[in-house]
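Asks: Could you have a look at this structure, given as structure tokens, before my questions?
The values are calculated or read from the model by the stated rules, or taken from the named source; none is laboratory data. Only a predicted model underlies this, so the values are computations on that prediction, with no experimental measurement involved. Because the Cβ atoms are built from the backbone with ideal geometry, glycine has one as well, and the counts that use them run over all protein chains shown. Each accessible area value is taken on the protein alone, full model and side chains, heavy atoms only, with ligands, DNA and RNA left out. Shrake-Rupley method; radii C 1.70, N 1.55, O 1.52, S 1.80 Å.
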Amino acid sequence: MKTIGLIGGMSWESTAEYYRFLNEFTRDRLGGLHSARCVIYSVDFAEIEQLQVQGRWADAGKTLAAAAQSLEAAGADLVLICTNTMHKVADVVEAAVSIPLLHLADATADAVRASGLRRVGLLGTAFTMEQDFYRGRLEAAGLDVRVPDSDGRALVHKVIYEELCLGIVRDESRTAYQKVIKDLVAAGAEGIILGCTEIELLITPEHSPVPVFPTARIHARAAVDAALPGTHNQTATMPVSR
């Protein structure tokens, strides 16, 4: 098995889920006591969040690029950025190393297309929903992407940073998210991309009337596929719908 390098800590709540998914998918693929070969570089999210707020994306890119270089030096054969939002600096990270970067938007687009859907709603941070670095990459892959209205985007963003990244999961917030999802479905969305890795802590398939695409799970599955080429993909049947 190839060694998977993880740039995590953004937040550590979802990075912990990545680690679990990687090991579960590897066990399912290989059986027995097998687990994933991986290396994790966990940053201090408080520092990254301040760079986001201040618009200092170049500095954030340098930080994640250095993390990727550390992972490569530690023996990683491929690297993942374990957050949707920080794919804004994916090109900088990719250019800093000689190992491949497995882009989260590409893995997500592949999963949506494999389901036979094209029109999807996108939930995530304001950066992910409103800027082109992520949404545009999905659209370039042939998807028709819809985002919530301004009030919905503000609510989704607030819950991510003030609750989910702190490990707080509230029924009231789940209900509010379900209203946002309902509005996206009414606007024509055939599926919902959970485009922030923490949203999977709050929303699962039974909370949506249409299929959901949990990006942390999808990304981890794609990483195991890349790390174990040629083996039978038992994780391909990962449920995304009710």
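Asks: Please go through the stretch 94-107 and give me each residue that is of a type outside the set (Ser, Thr, Tyr) and either modelled with pLDDT under 95 or surrounded by fewer than 24 Cβ atoms within 10 Å (Cβ to Cβ) (or both), ordered by number. Show your work before the answer.
Replies: Start the filter on the stretch 94-107 by keeping residues that are of a type outside the set (Ser, Thr, Tyr), which leaves 94-97, 99-107.
Across the stretch 94-107, the qualifying residues are Glu94, Ala95, Ala96, Val97, Ile99, Pro100, Leu101, Leu102, His103, Asp106, Ala107.
Asks: Next up: Which of the residues spanning the stretch 72-88 are in a helix (DSSP H, G or I), in contact with a Ser or Thr (Cβ under 9 Å, 6 or more places away or on another chain) and either open to solvent by less than 10 Å² (accessible area, probe 1.4 Å) or free of Cβ contacts under 8 Å to residues at least 60 places away in the same chain (or both)? Explain how you work it out, then say what you get.
Replies: First, pick out the residues of the stretch 72-88 that are in a helix (DSSP H, G or I): 72-73, 85-88.
Those still in the list that are in contact with a Ser or Thr (Cβ under 9 Å, 6 or more places away or on another chain) too: 72, 85, 87-88.
Thr85, His87, Lys88 - these are the residues of the stretch 72-88 that are in a helix (DSSP H, G or I), in contact with a Ser or Thr (Cβ under 9 Å, 6 or more places away or on another chain) and either open to solvent by less than 10 Å² (accessible area, probe 1.4 Å) or free of Cβ contacts under 8 Å to residues at least 60 places away in the same chain (or both).
Asks: Within the stretch 201-217, restricting attention to residues that are part of a helix (DSSP H, G or I) and either of a type in the set (A, V, I, L, M, F, W, C) or within 15 Å of His103 (Cβ to Cβ) (or both), which residue is most open to solvent (accessible area, probe 1.4 Å)? So that I can check it myself, show each step before the final result.
Replies: To start, the set of residues in the stretch 201-217 that are part of a helix (DSSP H, G or I) comprises 201, 205-207, 215-217.
Applying the additional criterion that residues be either of a type in the set (A, V, I, L, M, F, W, C) or within 15 Å of His103 (Cβ to Cβ) (or both) yields 201, 215-216.
Values: Leu201: 53, Thr215: 0, Ala216: 1 Å².
Taking the candidates together, the pick is Leu201.
Asks: So which residues in the stretch 4-34 are in contact with a Ser or Thr (Cβ under 6 Å, 6 or more places away or on another chain), surrounded by fewer than 18 Cβ atoms within 10 Å (Cβ to Cβ) and part of a loop (DSSP other than H, G, I, E, B)?
Replies: Residue satisfying the conditions is His34 alone.
Asks: From Ala154, Ala220, grab the single residue that is part of a helix (DSSP H, G or I), surrounded by fewer than 18 Cβ atoms within 10 Å (Cβ to Cβ) and at pLDDT 95 or above. Explain how you work it out, then say what you get.
Replies: Values: Ala220 fails: surrounded by fewer than 18 Cβ atoms within 10 Å (Cβ to Cβ).
Going through Ala154, Ala220 in turn, just one is part of a helix (DSSP H, G or I), surrounded by fewer than 18 Cβ atoms within 10 Å (Cβ to Cβ) and at pLDDT 95 or above: Ala154.
Asks: Sticking with this structure for a sec: Would you check which residues across the stretch 223-232 are surrounded by 16 or more Cβ atoms within 10 Å (Cβ to Cβ) and modelled with pLDDT under 95 and list them?
Replies: Once the filter is applied, which keeps residues that are surrounded by 16 or more Cβ atoms within 10 Å (Cβ to Cβ) and modelled with pLDDT under 95, the stretch 223-232 yields nothing.
Asks: Could you give every pair whose Cβ atoms fall below 7 Å, whose first residue belongs to the stretch 172-194 and is within 18 Å of Ala216 (Cβ to Cβ) and open to solvent by 10 Å² or more (accessible area, probe 1.4 Å), and whose second residue is modelled with pLDDT of 95 or more and assigned to a helix (DSSP H, G or I), counting only separations of at least 6 or pairs across chains?
Replies: If the second residue must be modelled with pLDDT of 95 or more and assigned to a helix (DSSP H, G or I), the pairs left are Arg174/His207.
Residue-wise test of (1) part of a helix (DSSP H, G or I); (2) among the acidic types (Asp, Glu); (3) open to solvent by 70 Å² or more (accessible area, probe 1.4 Å).
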position	(1), (2), (3)
Ala36	no, no, no
Leu51	yes, no, no
Gly55	no, no, no
Asp59	yes, yes, no
